[in-house]
């Protein structure tokens, strides 16, 4: 019985830790209606995915139309080949392998492996769908691309009816 309870506690702790990886936040924005000079403050909300460069976003306009959809941070992965030659060359000490000379141990120093690098564009895009049939498209420039949406940024959205939204978070 004690073993079963211990396993249950461990499972709950892992589930709680995994749930803590996602975060939510508020994006403060201003709505510009076509033909009007005044703006109306609105708030958009986001929730990040536990794993990956995306999540969900919502916004409700003063008209009552609620928008919901997904966002994606634009990234790419590129390879950074670090495979070296099988020998370090001819130096003042004669021929040597990389783990003999000044380059360190090939097995520990990592001279013989390929690596991949994540490239962050600093851009984030979203498409939201309204409960009254309208759509909203958004584009954001992130303040800290490595942090993602939680690091803040600025952006703009436009609805299919011509409404424009300026955002800062």
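Summary of computed values
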| quantity | calculated |
| --- | --- |
| Leading residue by the ranking (farthest from the chain's Cα centre (by Cα)) among those in segment 23-51 that are surrounded by 11 or more Cβ atoms within 10 Å (Cβ to Cβ) and within 18 Å of residue 145 (Cβ to Cβ) | 27 |
| Which listed residue is at pLDDT below 95, at negative phi and under 16 Å from the mean Cα position of the chain (by Cα), from 86, 145, 102, 92 | 145 |
| Residues satisfying the stated conditions in segment 112-169, i.e. outside any loop (DSSP other than H, G, I, E, B) and in contact with a helix residue (DSSP H, G or I) (Cβ under 7 Å, 6 or more places away or on another chain) | 124, 142 |
| Residue among 141, 137, 132 that alone is exposed (fewer than 13 other Cβ atoms within 10 Å of the Cβ) and either free of Cβ contacts under 8 Å to residues at least 24 places away in the same chain or more than 16 Å from residue 73 (Cα to Cα) (or both) | 132 |
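The values are calculated or read from the model by the stated rules, or taken from the named source; none is laboratory data. Fair warning: this is a prediction, and the values are worked out from it, not measured in the lab. A quick note on method: Cβ atoms are made from the backbone with ideal geometry, for glycine too, and the neighbour counts reach across all protein chains shown.
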